[in-house]
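Engineer: Here it is, the structure in full.
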Amino acid sequence: MTITSRTLGAGAATALDRLTAARAGRRPCAPVRDLLPAGDVEAAYAVQSAWVGGQVAGGARVVGRKIGLSNPVVQAQFGVGQPDFGVLLDTMACAARAPVDIARTLQPKIEAEIAFVLAEDLDGDVIGRAEVAAATAYVVAALEIVDSRIAGWDISIVDTVADNASSGLFVLGDRKQGLGRLDLADCAMTMRKTGEGGVQGGDVVSTGMGSAVLGHPLASVAWLAATVRDLGRPLRAGEVILSGSLGPMVPVAPGDVFLADISGLGQVSATFTEGSR
């Protein structure tokens, strides 16, 4: 069954309205966990699905999924103990090397990830690392600009799931890398930030390894593929999958420039505008 605002219960519908108003009014809102049964992740996903459905009905296109809270460091940052997922829309994609309009976000943070682009559907009965690898066209360095509509990032697992896993924007690097013999668990990430000039000599603000993502990025994507298959929304060929943060997320301010280097995958950067928020 397709979930819409009309098929949600009263509390979930109010949660959807609260989050939608925060987006439209560009003003963070109170948490929505008080509107849903305590710890009810299924209800939170219903809110997420209804919001995505509304965006698609308005002309947006689903281009992939994202896995959130897959890194223990990030889980600790927000006091949660399990991964979640959200939906990527074409309206969230930012062109490589093009300035990112910070006014498109409310409370942005940035994290470096390994993105998968699928060559085949992932909808089989058995989905493990081998099946994910076989279905992958290539991987690429990526930056996810996460964003919360919840004021002060005061989130529980229910809040972030309802808020489309705190999705915001994303940037993909230019280098498309086949998996070959590349061991993604061994990929090391360093992210630097500067407010002026180039980022090569900027301050290191985040580091991490592929092994921090549920033990291996392939395992992370396998978890997502099996989860959404069971929900009747399997991963399809052509989708972009953000496999999870390699290191701690970092707050973003107007004028910031970030560059992430992931061994074996190359670099990806984002420059944020200094315009008024």
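The values are calculated or read from the model by the stated rules, or taken from the named source; none is laboratory data. Being a predicted model, the structure only gives us computed values, none of them experimental. What goes into the accessible areas is simple: the full protein's heavy atoms, side chains included, and nothing from ligands, DNA or RNA. Shrake-Rupley method; radii C 1.70, N 1.55, O 1.52, S 1.80 Å.
Engineer: Cross-link candidates for LYS109: which lysines have Cα within less than 20 Å, leaving aside residues fewer than 8 places away along the same chain?
Structural biologist: Straight-distance partners of LYS109: LYS66, LYS193.
Engineer: Could you pull the accessible area for THR190 with a 1.4 Å probe, rounded to 10 Å²?
Structural biologist: Probe radius 1.4 Å; accessible area of THR190 about 50 Å².
Engineer: May I pose another question? On a 1.4 Å probe surface of the protein chains, which of LEU172, LEU242 comes out largest in accessible area, and what is the full order?
Structural biologist: LEU172, LEU242
Engineer: Just the C-alpha atoms of the stretch 137-261: what Rg/Rh do they give, with Rh taken as the Kirkwood radius?
Structural biologist: Working: Rg = 15.8 Å, Rh = 16.2 Å.
So for the stretch 137-261, dividing Rg by the Kirkwood Rh gives 0.97.
Engineer: In addition: What number, rounded to the nearest 500 deg cm²/dmol, is the helix-based mean residue ellipticity at 222 nm of the chain, given -39500 (n - 2.57) per DSSP H run of at least four residues and division by all its residues?
Structural biologist: When only DSSP H runs of four or more count, the value is -7500 deg cm²/dmol.
Engineer: Would you pull out the residues with amide H under 5 Å of GLU120's amide H, same chain only if 5 or more places away, H placed 1.01 Å from N?
Structural biologist: ALA137, GLY238
Engineer: Take the solvent-accessible surface of the protein heavy atoms, probe 1.4 Å, and return the percent of it on the stretch 167-261 that carbon and sulfur atoms account for.
Structural biologist: Looking at the stretch 167-261 in its full context, I get 50 percent from C and S.
Engineer: Which of rounded, prolate, oblate describes the stretch 63-164, given a ≥ b ≥ c as roots of the alpha-carbon gyration tensor eigenvalues and a/c under 1.5 marking rounded, otherwise prolate only if a/b is larger than b/c?
Structural biologist: Details: a/c = 2.11, a/b = 1.30, b/c = 1.62.
Here the stretch 63-164 falls in the oblate category.
Engineer: Okay, moving on. Quantify, in whole percent, the carbon and sulfur part of the accessible surface of the stretch 56-134 (1.4 Å probe; protein heavy atoms only).
Structural biologist: Carbon-and-sulfur percentage of accessible area, whole number: 51.
Engineer: Report, to one decimal in Å, the Kirkwood hydrodynamic radius for the chain based on all distinct Cα pairs.
Structural biologist: It is 18.7 Å.
Engineer: Any chance you could get the radius of gyration and Dmax over the Cα atoms of the stretch 188-271, in Å?
Structural biologist: Computed over the Cα atoms of the stretch 188-271, radius of gyration and Dmax are 15.5, 47 Å.
Engineer: Follow-up. Grab the eigenvalues of the alpha-carbon gyration tensor for the stretch 72-122, scale each by 5, take roots, and send me the semi-axes largest first in whole angstrom.
Structural biologist: Here the semi-axes work out to 22, 20, 11 Å.
Engineer: Roughly how much of VAL126 is accessible, in Å² to the nearest 10, using a 1.4 Å probe?
Structural biologist: 110
Engineer: Please report the base-10 log of the normalised intensity I(q)/I(0) for the stretch 6-90, using a Debye sum with one equal scatterer per alpha carbon and no solvent, at each q in 0.13, 0.18 (1/Å).
Structural biologist: With no solvent term, the Cα-only Debye profile gives -0.48, -0.93.
Engineer: Send over a whole-number figure in Å² for the accessible area per residue of the chain, probe 1.4 Å.
Structural biologist: Value returned for the chain: 41 Å² of accessible area per residue.
Engineer: Could you give the distance between the Cα centres of the stretch 125-174 and the stretch 1-73, to the whole Å?
Structural biologist: Using only Cα atoms to place each centre, the spacing works out to 15 Å.
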